[in-house]
Amino acid sequence: CTRDRCQRLDLSGNTRNCFLTGSSDSYRNFIGKRLRCLLNVPNTEVYNSAHHSSGMFCFQSSRPLGEKITSFQITSIGQLPHHFSAWNIQSTRSFRTSPSFQAAPVPLFWIIVKPAQKLFAIILGRSIRNWWKALPPNKRELFKESARKNKWKILLGVSSLGVLFVVFYFTHLEETPITGRARLLVFGKEHFRELSRMEYDMWMEEFKSKMLPETDARYQVVERVVGHLSESNKDIPQVSALKWVIHVVDEPGVNAFVLPNGQVFVFTGLLNAVSDIHQLSFILGHEIAHAVLEHAAEKASLVHFLDFLSLVFLTMIWAICPRDSLAVVGQWIQSKLQEFIFDRPYSRTLEAEADKVGLQFAAKACVDVRASSVFWQQMELAETIQGQPKLPEWLSTHPSHENRAEHLDRLIPEALKIRESCNCPSLSGPDPRLIFKLNMQHLLESSKDQETPNSTKRDLSKPELDFPHT
């Protein structure tokens with residue numbers, strides 16, 4: 001990227017992060033009641049203005065994003081407060097939720113007819129089975145003899161059908177923007193833009209009473225971060241072609257998503273979970289990357305292709321299984337095999353690609369990309385603290401927090417080179433990953449020291465945790 005394309009936002013400065021420390025009572029007591037921010041850098045302002053006493057807001061303003069957002073405060077990972085005394089905003093927006101009638105886009109049409117396709121395959125397979133059962137023994141033998149004589153013709157027909165699927169697959173391959181990866185794309189971008197407009201109306205109707213106004217400091221910081229990311233990456237046609245519209249939803253969930261038409265939705269729970277502006281920039285860069293790389297259309301295309309291919313196997317299952325109950329079990333096994341062999345691994349691949357491209361977007365915006373892996377380490381720590389069960393990664397549509405952090409650590413050196421090529425200010429202060437590691441060591445040591453004298457007084461079967469499920 002060139003100097004004029006890399007619009008610098010002064011985000012480097014001193015490293016800014018919120019970290020967890022122990023309390024004066026015990027580790028578990030501390031976890032259940034309060035999370036403190038350990039700030040080992042200068043020029044730090046700590047605002048204790050949460051509506052709930054168990055949260056603390058930390059914001060480093062040594063190099064502010066702008067005059068409008070210098071008072072913005074973001075909590076560290078921990079109990080996520082839903083309201084802020086400083087931002088008691090009651091105003092809402094009005095939305096138009098009755099768009100003019102128009103033909104449904106192609107993806108929506110296939111979503112609607114998918115159950116009908118499966119029903120047709122079940123009926124066809126069951127009819128073949130009943131027809132075979134009704135045949136007299138002598139006719140069955142004649143049919144088998146005829147099949148043996150014409151086995152090469154049958155094999156040729158089956159092979160021709162397989163060739164058609166292969167030809168269809170390779171004739172619908174396209175290159176992914178930016179990464180150049182070959183991917184199947186059955187649906188056009190214009191179809192998904194239309195579908196995203198319908199999805200947008202649905203989300204706006206659901207969250208219409210929870211949208212933050214544009215005057216809210218949290219809205220303004222998201223708007224400035226998205227605006228800076230898009231401005232810094234405007235040399236990418238897919239970024240400059242979309243109009244990015246911000247929506248901040250007052251919801252406790254740690255979530256954000258971007259529709260294919262550029263509508264950005266950010267939950268306040270995510271703003272509470274990130275420690276600094278660098279982590280927020282990376283997360284929003286990741287979500288923007290999903291839209292730019294057209295992952296929604298790609299995933300829907302693969303699922304559509306696999307579902308169509310599975311209709312053949314579904315028909316065979318219902319034709320071969322002697323009873324309906326066995327056919328239902330076979331159908332369930334087939335769907336689970338497809339899900340865990342194709343669907344979920346492919347989703348994890350798309351997430352990893354969005355992490356890579358989102359990190360590049362953040363690097364061109366002069367963000368401290370080292371903070372990206374710290375965010376996922378914090379998420380891993382928060383889930384551990386809350387006692388959430390850890391499922392194997394192969395059961396999930398997303399990589400595990402630990403693996404995402406490791407993957408980003410491998411990508412950070414390249415991202416730092418991109419950042420340097422954009423003439424960004426040099427990063428000062430210690431590496432946030434090192435600070436997080438040192439603070440975790442301090443936390444563990446403190447918790448051990450505090451638990452030892454009280455080990456005989458507490459019932460370990462009843463941990464004192466007081467965290468909402470997020």
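The values are calculated or read from the model by the stated rules, or taken from the named source; none is laboratory data. In this text the structure is predicted, and so the values were computed from the model without any measurement. Glycine also receives a Cβ, built like all others from the backbone with ideal geometry; neighbour counts cover every protein chain displayed. For accessibility, only protein heavy atoms count, side chains too; no ligands or nucleic acids. Shrake-Rupley method; radii C 1.70, N 1.55, O 1.52, S 1.80 Å.
Would you say Phe305 is surrounded by fewer than 21 Cβ atoms within 10 Å (Cβ to Cβ) and either outside the structural domain of Phe375 (by the TED database) or of a type in the set (A, V, I, L, M, F, W, C) (or both)? Yes, satisfied.
Consider His228 carefully, then state whether it is crowded, with 20+ Cβ neighbours inside 10 Å, of a type outside the set (S, T, N, Q) and either closer than 19 Å to Glu199 by Cβ or at pLDDT below 95 (or both). So His228 does not fit the description; no.
Results for (1) in a helix (DSSP H, G or I); (2) surrounded by 15 or more Cβ atoms within 10 Å (Cβ to Cβ); (3) touching a residue at least 40 places away in the same chain (Cβ under 8 Å); (4) not acidic (Asp, Glu), shown as yes or no for each residue.
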{"site": "Val167", "(1), (2), (3), (4)": "yes, no, no, yes"}
{"site": "Met202", "(1), (2), (3), (4)": "yes, no, no, yes"}
{"site": "Val222", "(1), (2), (3), (4)": "yes, yes, yes, yes"}
{"site": "Gly253", "(1), (2), (3), (4)": "no, no, yes, yes"}
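Looking across segment 261-275, the residues that are buried (at least 23 other Cβ atoms within 10 Å of the Cβ) and not hydrophobic (A, V, I, L, M, F, W, C) come down to Thr268, Asn272, Ser275. Sub-9 Å Cβ pairs linking a first residue in segment 387-406 that is on the phi > 0 side of the Ramachandran plot to a second residue that is open to solvent by less than 80 Å² (accessible area, probe 1.4 Å), at least 6 apart or interchain, are Gly387/Pro463; Gly387/Leu465; Gly387/Phe467, ordered by first then second residue. Considering every residue within segment 368-391, establish whether at least one is modelled with pLDDT of 95 or more and over 27 Å from Gly227 (Cα atoms). Within segment 368-391 (the criterion being modelled with pLDDT of 95 or more and over 27 Å from Gly227 (Cα atoms)), the answer is no, since none of the residues qualifies.
Among the residues making up segment 283-304, those that are among the acidic types (Asp, Glu) and either outside any helix (DSSP H, G or I) or within 12 Å of the chain's Cα centre (by Cα) (or both) are Glu287, Glu294.
Listed here are the helices (runs of 4 or more DSSP H) enclosed by segment 326-439 that have at least 2 residues being of a type in the set (Phe, Trp, Tyr) and either open to solvent by 50 Å² or more (accessible area, probe 1.4 Å) or not assigned by the TED database to the domain that holds Ser230 (or both), and there are none. The residue list Thr179, Thr215 contains one member that is over 27 Å from Val249 (Cα atoms) and either touching a residue at least 24 places away in the same chain (Cβ under 8 Å) or of a type in the set (S, T, N, Q) (or both), which is Thr179. Among the residues of segment 191-213, are any in the same structural domain as Ala352 (by the TED database), more than 19 Å from Pro260 (Cβ to Cβ) and of a type in the set (Gly, Ala, Ser)? Looking through segment 191-213, at least one residue is in the same structural domain as Ala352 (by the TED database), more than 19 Å from Pro260 (Cβ to Cβ) and of a type in the set (Gly, Ala, Ser). Does Asp343 satisfy the condition of being within 21 Å of Val186 (Cα to Cα) and modelled with pLDDT under 95? Here the answer is yes, as Asp343 does meet what is asked.
Considering each residue of segment 150-157 in turn, at least one proves to be open to solvent by less than 70 Å² (accessible area, probe 1.4 Å) and over 24 Å from Phe267 (Cα atoms).
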